[in-house]
Amino acid sequence: MTQSPKAYALDASVLVELMAGTMIVKGLVESLSRGEVEAYVTRLSLSEALYVACRMWGEERARQRLHIILEAGVPTPVEDMMVWQEAADCKCKLPISLGDCYTLALAKTYGLTPLFLRPEKDIKRNRSKVEEWLGRPLEYLIP
């Protein structure tokens, strides 16, 4: 019996690291290339990653790097009415960013594990409420 791969909902912070090709995401990239994990993102996370990268490298380079990872098929963008409805519910109930709510909503809707670069202040302060709303623990590349 073949075990299905682990599936992540990637936060924009992880996308920026993928675009940069840093060592922080080396293990994730290797797991993705071996088919051991799958990765999904919301359009909002793509937009956030693009504007952060644009501020770091300029618009042309940021767009090129984002295009490269999307052309590689990793991550898979998801556009779904249930995701934005869950994101609104998250934001209504939890004092965290809308971008983080979209990542969590994607994870909740599709049974994915949310993957963030590191714990952010608002999520750290509300971690038990976030995990209760989500129904599963969060994961971080840098704990």
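With N residues in region 45-93, what two-decimal value do you get for its Cα radius of gyration over 2.2 N^0.38 Å? Could you put the intermediate results ahead of the total?
Working: Rg = 13.7 Å, N = 49, 2.2 N^0.38 = 9.7 Å.
Taking N as the residue count of region 45-93, the ratio is 1.42.
What list do you get for SER97, SER45 if you sort them by fewest beta carbons within 10 Å? Provide the component values of the computation, followed by the final result.
On the way: SER97 16, SER45 26.
Listed from fewest to most nearby Cβ atoms, that is SER97, SER45.
Using the per-residue mean of other Cβ atoms lying within 10 Å as a proxy for protection, in what order, highest first, do the peptides 52-60, 86-94 fall? Display every interim value, and only then the final one.
Numbers: 52-60: 13.7, 86-94: 16.9.
The densest-packed peptide leads the list: 86-94, 52-60.
The numbers here are math on the coordinates, done by the rules we state, and not lab data. Here the structure is a predicted model, which is why all the values come from computation and not from measurement. When we count neighbours, we look across all protein chains shown, and the Cβ atoms used for this are built from the backbone with ideal geometry, even at glycine.
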